[in-house]
Amino acid sequence: MKPRALYLHIPFCKAKCLYCDFDSRALGGCELDTAMERYCTTLASQIDTCGAAGELDEVETVYIGGGTPSLLGARLVSLVERVRGYCDPVEFTCEANPESFTLELAQALHEAGVTRISLGVQTLDADELKAIGRIHSSEQAMLAIAQAKAVGFSTSCDVMCGLPGQTLESFGRTLETLMTLRPDHISVYPLQLEEGTPLARLEEQGRITVPDEDFQAACMDLAAEKLVGAGFERYEVASYAQPGQRCRHNIAYWTGKPYLGLGRSAAGMCNLGTYPFYTSPFYTSGANPSSALREGRVRYRQLDDEGARFDTEHLTPREAMAEDLMLACRMTDGIPLDLLTRATSCISEADLRAACEDAISSGLATWDEDALKPTHLGWLDGNELFGLFWGLAM
């Protein structure tokens, strides 16, 4: 099976958010323009290499993330056209930040073949935006949503909870305002304080107070109540969609489909034994696993701009299957019976049964329509549920 999903990483931002530990560079003026031009030229070359090797032939979804892809402007449109020259995905998503998303760019992206825009809204409260270092206003965010919808995009918004100074009331107001704008998809993520980020240092110094996990859990419950009540379907622990608007690209990650990552820090995955990706000219630079490895799964991450250095990890067939079981626990559809049946090819029935029984007896999951599905407690204690099935890797 060739890659079914393609991810391109754009590591540039106008300003780096205080909580961000992603691979991104905040540059200005001519330095930014020069860096983006050089990077896009290199990325286009990688796209051409993979396209010529036939690796994009079966791509169904494309996602351009970052960083801030919308900062590229016309260069982003050119990258979209480059990818479209090698495949015809049914879903093509570009991430955008409100301050760099214009109606002109929206129209150009739509004409080039983008079908979906994912906007980094995070919050519509001015004080909360300032507290996390976002440089857009709530008005810019609302305008960006309106522009994306006016052009005809399926429109997604990212929202965060557990922000400094946030209350349940302010979080609820953000959700209520967003619902009046009628996006097609909303993702709700709890803030994570990553070591070494400016926000983590501020918290360590006692200069800010970040709400605890109980507050985050209350926010997640409030989001479920409000969004489901407004007609959204919760299909993943943090993701809500109007009917027919689930993000197919993210679902590919969670259901074990092979995906190709291009660009600095981009991740990819290949299931060995289904497609010999190690024969591709792109991977001869170092991402290819040993020729002795013919089963299991390879995960890799590009370490440079040029695609010459990679970090790779080989999962055995048992580890790959345990990973699929674990990731299925993120979805409201849960672990279907056919996946459990396939898992017996490398995990004993006794071990599988014990994991399922532990999940049920702990109240983390329940049987429903031939699938083991997470309960409300399973959402709140996701790490415990994930651990039960990742533990089958041993």
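The set of residues in segment 322-343 being in contact with a Gly (Cβ under 9 Å, 6 or more places away or on another chain), open to solvent by 20 Å² or more (accessible area, probe 1.4 Å) and of a type in the set (A, V, I, L, M, F, W, C) consists of MET326, LEU327.
I'd like the full set of residues that are closer than 24 Å to ALA218 by Cβ and either open to solvent by 10 Å² or more (accessible area, probe 1.4 Å) or among the polar types (S, T, N, Q) (or both), limited to segment 137-149. Answer for segment 137-149, where residues must be closer than 24 Å to ALA218 by Cβ and either open to solvent by 10 Å² or more (accessible area, probe 1.4 Å) or among the polar types (S, T, N, Q) (or both): just SER138. In segment 181-208, the residues that are closer than 18 Å to CYS157 by Cα and part of a loop (DSSP other than H, G, I, E, B) form Cβ pairs under 9 Å with partners that are open to solvent by less than 60 Å² (accessible area, probe 1.4 Å) and among the basic types (Lys, Arg), at six or more places apart or across chains, as follows: ASP184/ARG116.
Residues that are in contact with a Gly (Cβ under 7 Å, 6 or more places away or on another chain): list the strands (runs of 3 or more DSSP E) wholly contained in segment 1-112 that include at least 2 such residues. Break it down stepwise before answering.
Working: elements: 5-10, 61-66, 91-96.
Result: 5-10, 91-96.
Close Cβ contacts (under 8 Å, 6 or more residues apart or on different chains) running from residues in segment 371-383 that are more than 22 Å from ALA343 (Cβ to Cβ) to residues that are of a type in the set (Ser, Thr, Tyr) comprise LEU377/SER362. Restricting attention to segment 199-243 and to residues that are acidic (Asp, Glu) and closer than 27 Å to ARG116 by Cβ, the residue that is least open to solvent (accessible area, probe 1.4 Å) turns out to be GLU236.
Filter segment 150-196 for residues that are open to solvent by 60 Å² or more (accessible area, probe 1.4 Å) and either hydroxyl-bearing (Ser, Thr, Tyr) or within 13 Å of LEU227 (Cα to Cα) (or both) and give the result. Spell out how you get there, then give the answer.
Initial filter on segment 150-196 (open to solvent by 60 Å² or more (accessible area, probe 1.4 Å)): 150, 165, 168-169, 173, 176, 180, 182, 189, 192-193, 195.
Matches in segment 150-196: ARG173, GLU176, THR180, ARG182, TYR189.
Take segment 364-382 and flag every residue that is open to solvent by 50 Å² or more (accessible area, probe 1.4 Å) and either closer than 20 Å to ALA223 by Cα or part of a loop (DSSP other than H, G, I, E, B) (or both).
Here is the first cut: in segment 364-382, the ones open to solvent by 50 Å² or more (accessible area, probe 1.4 Å) are 366-370, 376-377, 380-381.
Correct list: ASP368, GLU369, ASP370, HIS376, LEU377, LEU380, ASP381.
Out of LEU79, LEU124, one residue alone is open to solvent by 10 Å² or more (accessible area, probe 1.4 Å) and either closer than 22 Å to ASP33 by Cβ or not small (Gly, Ala, Ser) (or both). It is LEU124. The set of residues in segment 344-363 that are in a helix (DSSP H, G or I), open to solvent by less than 80 Å² (accessible area, probe 1.4 Å) and closer than 13 Å to LEU385 by Cβ comprises ALA355, CYS356, ASP358, ALA359, ILE360. Just one of (1) within 13 Å of GLY261 (Cβ to Cβ); (2) more than 18 Å from the chain's Cα centre (by Cα); (3) aliphatic (A, V, I, L, M) fails for LEU6. It is (2).
Does ASP338 satisfy being without any contact (Cβ under 8 Å) to a residue 40 or more places away in the chain and not in a loop (DSSP other than H, G, I, E, B)? Answer is yes for this residue.
The values are calculated or read from the model by the stated rules, or taken from the named source; none is laboratory data. Since the model is a prediction, treat every value here as computed from it, not as a measurement. We place every Cβ from the backbone using ideal geometry, glycine too, and count neighbours over all the protein chains shown. Surface accessibility is based on the protein's heavy atoms, side chains included, excluding ligands, DNA and RNA. Shrake-Rupley method; radii C 1.70, N 1.55, O 1.52, S 1.80 Å.
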